[in-house]
Every structure is written in C-alpha cells, then in structure tokens.
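A.B. asks: One structure follows; several queries about it will come next.
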Ligand SMILES: [Zn+2]
Ligand SMILES: [Zn+2]
C-alpha cells in the first residue's frame, strides 16, 4: 500500500539514523520476548514472572513517534512527511510541503497513533459499557466515579503477544504494521470496567508465566 511505495526511501533513512546513533533502542526488542524474559530473569536472579512484568512495562513505551516519519532524499534534503507525497518540505511548514499535506498527515497520525483517541473511540463504540459485566457509565461522569468504576480499554489478545503473532518493531514499516494491525486494531480492543480489566489481566499474566515456564523446561 502507501507504506510499500516508500520502502526504498525508508531504508536509506534508517541507515542514516543508525549512523548518527550507534545504539538504536530498537535492538532491545529484536530478540523474541521469551528469550529476553529468560535472559533477564537469569541475569537478575529473579523468577521469569517478575521479569515478564518488567518486560511488559517496556512494551508500553513502544509507540511510533511522529518524527519517525521524517524522510530525507539521497542528498539529505527533507521530503514531506505525508505518506503519498514526494515533494520537498516548504519552509513555512518545515515538515510538510503544504498546509494540505500537514493537515492530511496529522489527521491520519492522530487517529491511528494516539492511544487516547483510540481508547475514546472504543469506549464510544461500546456505548460506555463493560463488555464482560455490563456496567454502564455516563460518558461525562467517567472520571468522577471511584477508580473501581472506571472504564478502560482492553486488548483482547494482550499487547505483549506481538512477537508470537509475528509482529515486530525493528523497522518503521513493521512498527506501523504492528500498531495498525494489532495494538490499535479496533477488533482487538474492547471496553472493560476496572474490576473486569484487572481480572482479565491477571489471568493473561498467569497464562503467560505458564508459557514461559514450559519453554524453560525445554
Ligand atoms: Zn506533501
Ligand atoms: Zn466489568
């Protein structure tokens, strides 16, 4: 699609960024999750479950920043951020060639990459109702209630399973793919109340710890 078109340009961009910064944060996540958790737990002499908890905290930070879409041509001139535009940037807009591209790209980015926007659209879709126990809240009172009554947005397939599903965060294309197809895919998201969310997360955590232990035995 749009992303494929820019494949060649992106690759040269990534090479350049590697030159500038020899220690890309991305290398941290190139190892399969299970390997990393096992490695961490051995190193720190703690159970895989504790390491897994730390690992999942790190995954929460893996979002795609808007400046990662910046592109340069072979001579280092900056190209418009907008996916399907190959114009050079225009001074008054700096990151874009025109006001139109700026608006178009920003709208696309905000809609797909800002968790708050995604979460709000899911809550609205589910009519502010917990999909397990049916607790319903008035959207305007969402934050006035006790924490036990808050509505949250849950990943049906937990976020940390992305490596098991073949997704990765190694290149910008893969990051975008992982976010759009998995992390922010509305089919994988649902509204849960605080209590149900806690229960579901705990069960997922147990299942994951079990999976890690099975791998450890082998
Ligand atoms: Zn443009
Ligand atoms: Zn509930």
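Every read-out reported here was derived from the displayed coordinates using simple, explicitly stated rules and does not represent laboratory data. Remember, it's a predicted structure, so these values are computed and weren't measured experimentally. Please note: Cβ atoms are built from the backbone with ideal geometry, for glycine as well, and neighbour counts cover all protein chains shown.
A.B. asks: Go ahead and collect, in residue order, the members of the range 93-116 whose backbone nitrogen is under 17 Å from a label point 7 Å along the Cα-Cβ direction of residue 124.
C.D. replies: It comes to 107-116, nothing else.
A.B. asks: Right, next: What's the exposure ranking of 88, 182, 164, going from fewest to most Cβ atoms within 10 Å?
C.D. replies: 88, 164, 182
A.B. asks: For a Förster distance of 22 Å, can you work out the FRET efficiency between the beta-carbons of residue 108 and residue 67, rounded to the nearest 0.05? Don't skip to the end; give the middle numbers.
C.D. replies: Values: r = 15 Å, r/R0 = 0.69.
For R0 = 22 Å, the calculated efficiency reads 0.90.
A.B. asks: Taking the simple approach of a point 7 Å from Cα along Cα-to-Cβ for both residue 180 and residue 161, what is their distance in nm?
C.D. replies: 2.3 nm
A.B. asks: Something else about it: Taking the number of other C-beta atoms within 10 Å as the exposure measure, put 100, 95, 177 in order starting with the fewest.
C.D. replies: 100, 177, 95
A.B. asks: With each pseudo-label sitting 7 Å past Cα toward Cβ, what's the residue 74-residue 210 distance in nm, one decimal?
C.D. replies: Using points 7 Å along Cα→Cβ, the separation is 5.6 nm.
A.B. asks: Using the count of nearby Cβ atoms within 10 Å as a rough guide to exposure, how do 91, 42 rank from fewest to most?
C.D. replies: So the residues, fewest neighbours to most, are 91, 42.
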